Amino acid sequence: MDYYFESDTTLDYEHPLEQSDEHSAAMETARGWELRYLDDAPLAIDGESAARVGGNELARIGAAPVLCDDGVARIAIAEATPERFAAVREHFSGALEIGVVKTSTLTSLLDAVSVPEVSAASETDMTAAPTAPMWGRSLERVLSAFDDEATRLNELRGQLQQVGGEMAARETHVQELEAEIQRMQVERLRDQEAVDRLRHELSDRDNRLDRALAKTQELAAVIQGGRLQ
């Protein structure tokens, strides 16, 4: 049995901002990974593919096989990661196109996949609670989401630590350069002082030479005058 879902036709008036944010996030994911956005048209569960993979496994990998309004079978996901793409390729043979839906849409699709399994389980064991498998699968999806988020946080932490190490190395290098610049400035001041001192000494010597030359000329004049007399 196929279950159809109208996208963006039922508005949640109590949480309009959350729905808008969810739509924006899905659109951004689709654009970022160059995937088709599937939430703008009705979707139906591809029952044959869903039965072959199983509701538990679909919930674990976070993907649902769907039939779009154009009759083409696609795989709907809400979050795009290399691991999820690998899992989709592992479970679905052929060149199936992957598309993006909102998280709430994917949850509804996965819940619809679990409905036939719940009915079959109820016929096999009448004493079992019919909603138990659905709760179990919902919990599994939540735990899987937490695991994915923990993995992302660990990767982000590693990236931040790497960036922090690079920033610390750059800061150390900058401090070394600043110390070198200060040392060069001190040496330049010392050199300038030495040049000024040499200029002063040279000027003083020039003055003494000028005075000595003047006295020599005076003495020569005196001697020459005495000879004339």
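What does the C-alpha gyration tensor say about the overall shape of segment 140-202? Classify as rounded when a/c is under 1.5, otherwise prolate if a/b is larger than b/c, or oblate. Working shown, then result.
Values: a/c = 15.51, a/b = 12.04, b/c = 1.29.
Prolate, because a/c is 1.5 or more and a/b exceeds b/c.
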Taking the Cα-to-Cβ direction at Val72 and at Val195 and moving 7 Å from each Cα, how far apart do the two end points lie in nm?
7.5
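Report the gain in length on full extension from Ala179 to Leu156: 0.36 nm times residue separation, minus Cα-Cα distance, nm rounded to one decimal.
Working: separation 23, 0.36 × 23 = 8.28 nm, distance 3.42 nm.
Extra length from Ala179 to Leu156 when fully extended: 4.9 nm.
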Applied in sequence order to segment 159-172, the curve 6.51 cos²θ - 1.76 cosθ + 1.60 (Karplus, θ = phi - 60°) yields integer Hz couplings, x standing for Gly and Pro, of 5, 5, 5, 5, 5, x, x, 5, 5, 5, 5, 5, 5, 5
Amide proton proximity set for Ala41, modelled H, under 5 Å, gap of 5+
Ser7
Output row, site Glu187, 7 Å Cα→C-beta label point, backbone N cut-off 20 Å, window segment 141-181, residues 173-181
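Where a number appears in this text, it was derived from the coordinates with a stated rule and is not lab data. The model shown is predicted, which means the values in this text are computed figures rather than measured ones. Note: ideal-geometry Cβ built from the backbone for every residue, glycine included; neighbour counts use all protein chains shown.
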